[in-house]
Every structure is written in C-alpha cells, then in structure tokens.
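Before I ask anything, here is the structure I am working with.
The values are calculated or read from the model by the stated rules, or taken from the named source; none is laboratory data. Remember, it's a predicted structure, so these values are computed and weren't measured experimentally. Glycine gets a Cβ as well: all are built from the backbone with ideal geometry, and neighbour counts include every protein chain shown.
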Amino acid sequence: MDFTQIMGHEKAIETLKREITNNTISHSYIFEGEEGLGKKQVALSFAKTLLCKEQNQDPCNKCTSCTKFESGNHPDLFIIEPEKGLIKKGIVEELIKKVSTAPFESLRKVFIIDDSHLMNKEGMNALLKTLEEPPEYINIILITANVNQMLPTILSRCQRLKFYPIEPEKITEMLVKSYGKDKEEARFISNFTKGSVGKSIEIAKSQDFFEKRDQITTIIDDLLKGDRTKAFSSFGFFNNNKDEIDEILDMILLYFRDLIIYKKIGNSPIIINKDKIEYLSSQSSIDSEKINDIIDNILKTKEFIRGNVNFQLCIETMLLNIQEEI
Ligand SMILES: [Zn+2]
C-alpha cells in the first residue's frame, strides 16, 4: 500500500507530500469525508511514508520499516477501530500510554483512529490532552465521516483534510480493469455508490447485487401493472434483505429517477439502468406526478425505517403506494 495505489484524492495527497518536503508535518490530522471514499487508505499510505527510513515523499517499500508495515507488524504503527460501534475510554487511555514511550523501529510513532467520532466524550477529552502537548515523534490521524460529532476542542487542535467523492467515470474504469466487470455493470455500480470507491469494490465483489436488482425491477413492474397482491407477497424479499434495506431503497429510487428521465427524453446516456430499458419504456406512460409521489414516499420510508417505525408497515405502505393509481 502506498500513494500510487490510491484513486483520486490528489489534492489531499499533494498537501501531505508538500508537508513532508517542507518539514511542516502536523502532529494531528482529521481526515473527514463520507464513508467509503478511501480516507483510511490515504492515512495508511501517509503513515507508511512517515515511518519509512528513507524519509521521502513516498515510502521506499524496501527498508525494514516498510517491510514490517506491509506484514502488519510495525511496532510504531497503532490502528484503533471501534468495537460494537464504540471506541471506549479505556482504549483511548491505552493509546495515551503508548504515546509517552519513544518509537522503536522508526523516527516516529503513528496512531490512526478510524471512525474517531465513535469515541465517547470522556475518550475525546482524554485524547485532547495528548493533542495539546504531543511529544515530538507523534502523529495522530483521526478519520471520520461525522465530523460534527467530534468535540470542537479536538477539531481546533487538528489539521483538517477534506475528502470528496471520486468521479464515477474513474471508478467505472477501475472496476472494468481491476475487477473484470462489464462496462454497463461497472457504470451502474459507480453511479449507484456516488463516487465511493470502497462501496463500489464491495458491490463489484458481491455475488447477488445484480440478482437483487433484477428482483426489484420485477417487483416494481408488477406493482405498476396494478398487482395489489404483490405489495404483500413481496414483503418477504424486503424482510430477507432487511440489513441492506437502505441500499435496496436506493436502488428503487434510482430506478424511478431513470423512469422520469426516460419519460422526458427517452433512451439517454444518463440513464443508469440501461439494461432495464424495455421495462422503462413499457412504464413510460405513467404520470410524472405519480412518479414524483412515489419518490417522495420512498424517501419518507427511508426516514421512517431509520426512526425505527414498524418495518413491515413501512414497506407494505410504500409498496401499496407504488401500486396505487392516483
Ligand atoms: Zn521504506
């Protein structure tokens, strides 16, 4: 792992490299941006570079430090991740103890705290003291998708680096090249994930993503044809995929978004569900007002489910809404 293997984030990487060259490396960073953009990959590459014996803008990939880093046994690298959705104060206290002893292999010690917003308040306060007076050899990288949940006092002690989604075209290309996806599937994935590399790779590797999308398309088609029983009989599908319900509802949203585009301009390159064009065409006589109403309803369903409203009730109501004519 090094900077050359990272897709996008040129600006963030450039900043980090410049700081290495100018010797203005911060003791603490916050890498902020949505889930799945590759923040941790950048953090790891930066850590490896900082620890490398050659002390250049990129790790040499040859020295004992780089070798140990790759084998996952670097004595001066510490990665902290949440357990069961929380980084406990005890874990932070252990980290602080390690901060006070000198590095072993390299000139520095690097700490990466992933999902750092999941530290509780006590943990953040404990960390704050270290951030206020870090020993010379310490670099701490806090990674977060929810910077608003971090204490402002922590934020003010860190150099903040923002991460942005990658253009879908770049991800499409990568999925075709490195994951052997066909162009259309790759294109669907990269648009579906809105520029998240991590999520795109996860979907590219998953066996049943496109199978599920096929099932969803059939369910929608039956509902739009007025099959009322389908609203109840297809609940099982949603229940079986309860853990991924947000993703499933996003697929449905994307489908109706395409239907609106199809109604307006016909078969266009900006349609994402390209392989479902026959379905879209056969449904294109449906009223725009009705489609917008369905989209609103799906967005509300997402909110209700997040708010723990009865799952079955939410899904069946949504399905009935798709089925009903205005
Ligand atoms: Zn090296």
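Taking the criterion of being in contact with a Lys or Arg (Cβ under 6 Å, 6 or more places away or on another chain), acidic (Asp, Glu) and away from the ligand (no atom under 16 Å from the Cβ), would at least one residue in segment 122-134 satisfy it?
Checking segment 122-134: at least one residue is in contact with a Lys or Arg (Cβ under 6 Å, 6 or more places away or on another chain), acidic (Asp, Glu) and away from the ligand (no atom under 16 Å from the Cβ).
Among the residues of segment 54-66, which ones are out of contact with any Asp or Glu (no Cβ under 9 Å at 6 or more places or on another chain) and either more than 10 Å from the ligand (Cβ to nearest atom) or without any contact (Cβ under 8 Å) to a residue 40 or more places away in the chain (or both)?
GLU54, ASN56, GLN57
Which ones in segment 1-53 are modelled with pLDDT under 95, within 16 Å of the ligand (Cβ to nearest atom) and out of contact with any helix residue (DSSP H, G or I) (no Cβ under 7 Å at 6 or more places or on another chain)?
THR4, GLN5
Turning to a different aspect of this structure: Considering each residue of segment 220-236, count those that are of a type outside the set (Gly, Ala, Ser), out of contact with any helix residue (DSSP H, G or I) (no Cβ under 6 Å at 6 or more places or on another chain) and free of Cβ contacts under 8 Å to residues at least 40 places away in the same chain, and give that number.
Result for segment 220-236: 2.
Then there's this: Out of all the residues in segment 100-114, which are surrounded by fewer than 18 Cβ atoms within 10 Å (Cβ to Cβ) and either among the hydroxyl-bearing types (Ser, Thr, Tyr) or not in a loop (DSSP other than H, G, I, E, B) (or both)?
Hits for segment 100-114 are SER100, THR101.
Determine whether LYS98 is farther than 23 Å from LYS17 by Cα and touching a Phe, Trp or Tyr at 6+ places or on another chain (Cβ under 8 Å).
yes
Has segment 264-275 got any residue that is of a type in the set (A, V, I, L, M), assigned to a helix (DSSP H, G or I) and at pLDDT below 95?
Taking every residue of segment 264-275 in turn, at least one turns out to be of a type in the set (A, V, I, L, M), assigned to a helix (DSSP H, G or I) and at pLDDT below 95.
From the set of residues in segment 226-253 that are surrounded by 12 or more Cβ atoms within 10 Å (Cβ to Cβ) and small (Gly, Ala, Ser), which is modelled with the lowest pLDDT?
The extreme case among them is ALA231.
Within segment 5-26, is even one residue in contact with a Pro (Cβ under 8 Å, 6 or more places away or on another chain), among the hydroxyl-bearing types (Ser, Thr, Tyr) and closer than 19 Å to PRO103 by Cα?
no
Quick one: is THR64 of a type in the set (Val, Ile, Thr) and more than 18 Å from LEU127 (Cβ to Cβ)?
Here the answer is yes, as THR64 does meet what is asked.
Considering only residues that are part of a helix (DSSP H, G or I) and more than 27 Å from the chain's Cα centre (by Cα), look in segment 67-84 and name the one that is farthest from the ligand (Cβ to nearest atom).
Among residues in segment 67-84 that are part of a helix (DSSP H, G or I) and more than 27 Å from the chain's Cα centre (by Cα), the one farthest from the ligand (Cβ to nearest atom) is LYS68.
Within segment 93-110, is there a residue that is among the aromatic types (Phe, Trp, Tyr), more than 16 Å from the ligand (Cβ to nearest atom) and in the same structural domain as LEU151 (by TED's automatic domain parsing)?
Scanning segment 93-110 turns up no residue that is among the aromatic types (Phe, Trp, Tyr), more than 16 Å from the ligand (Cβ to nearest atom) and in the same structural domain as LEU151 (by TED's automatic domain parsing).
Let me ask something additional. Note down all Cβ pairs under 6 Å where the first residue falls in segment 126-138 and is more than 16 Å from VAL92 (Cβ to Cβ), the second is modelled with pLDDT of 95 or more, and they're at least six residues apart or on different chains.
TYR137/PRO103; TYR137/ARG108; TYR137/LYS109
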